[in-house]
Amino acid sequence: MKRLTPSRTPALLDDLAWTYFHHSILEHANLSYLIRGTSRGVLQEHARHRIQAISVRSTRYTMSGLINAFVASHQGGGKEFFINTVLSYDMFVVCDEAYNRLEIAGMYDKLMFQKEKVEDFYSISVAKSSLPFLEEFRGDSAKLYEALQGGKKKRNVGDAFKHIITDNVKVDMVVTFNLRSLKNYFNLRDSGAAFFQIQWLAQAMMDVTPAKYLDLIIKKKNV
């Protein structure tokens, strides 16, 4: 077996992949990619590829600051305090500030709608040990936000508010493909017909894929 796996891609594998198109051999090698700062829209597109393993950083662990900013905004800072605070998070794939202000304003409006519908909004948005801060820092959004950020985080707070964020929000994930599935992924996603953000990701993944694997799944052009 060692004779078939030298440091460079063996001619036998190249023949199997490109001369005889015996692509099942490609299913025995896996590659994993750590992906940071892609969008939830790309995550949805990734989910269409059945043969992969994917782990994603859940929003339940990443939304506490956003909810704290909303709670604090009701102590004098208002909507503008919320927008300016969330802008500092660098949480969007699109980097246009004017567009992102619209996104954040929409989040605020959705949270306001939920706050008006839920009988005890603060019980689902603030940890029990942090509730006294609401009275202690009444009228001071900045100090309340700082106290909430430094206090205990509400467990799984993101679960109650996932509906407020859009596909433009960044996510981190790890994906693992076998080479045959990766070949299919690159064929589909490095196409002009694909969603533009997943085209960017596919190109970036190809850039970091070791040549000995990439040569097995991407046909070299004749020169």
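The values are calculated or read from the model by the stated rules, or taken from the named source; none is laboratory data. It should be emphasised that the depicted structure is a prediction, and the values quoted were computed from it without experimental measurement. Counting neighbours? That spans all protein chains shown, and the Cβs are built from the backbone with ideal geometry, glycine included.
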Out of curiosity, is Gln75 touching a Ser or Thr at 6+ places or on another chain (Cβ under 7 Å) and either on the phi > 0 side of the Ramachandran plot or not assigned by TED's automatic domain parsing to the domain that holds Gln197 (or both)? yes
How many residues, within segment 80-100, are exposed (fewer than 15 other Cβ atoms within 10 Å of the Cβ) and in a helix (DSSP H, G or I)? 5
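On the given criteria, is Glu103 assigned to a helix (DSSP H, G or I) and touching a strand residue (DSSP E or B) at 6+ places or on another chain (Cβ under 9 Å)? Before you say what the answer is, go through the steps one by one.
On the way: assigned to a helix (DSSP H, G or I): yes; touching a strand residue (DSSP E or B) at 6+ places or on another chain (Cβ under 9 Å): yes.
It is true that Glu103 is assigned to a helix (DSSP H, G or I) and touching a strand residue (DSSP E or B) at 6+ places or on another chain (Cβ under 9 Å).
Charged (D, E, K, R) and either crowded, with 17+ Cβ neighbours inside 10 Å or in contact (Cβ under 8 Å) with a residue 12 or more places away in the chain (or both): which single residue out of Lys117, Lys110 fits that description?
On the way: Lys117 fails: either crowded, with 17+ Cβ neighbours inside 10 Å or in contact (Cβ under 8 Å) with a residue 12 or more places away in the chain (or both).
After ruling out the rest, the residue left standing is Lys110.
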For segment 39-71, what are the residues that are among the aliphatic types (A, V, I, L, M) and closer than 20 Å to His163 by Cα? Val42, Leu43, Ala47, Val56, Met63, Leu66, Ile67, Ala69, Val71
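So, in segment 39-58, exactly how many residues are out of contact with any Asp or Glu (no Cβ under 8 Å at 6 or more places or on another chain) and either outside any strand (DSSP E or B) or not hydrophobic (A, V, I, L, M, F, W, C) (or both)?
Qualifying residue count, segment 39-58: 12.
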Selection from segment 27-67 of residues at pLDDT below 75, over 16 Å from the mean Cα position of the chain (by Cα) and not charged (D, E, K, R) yields His28
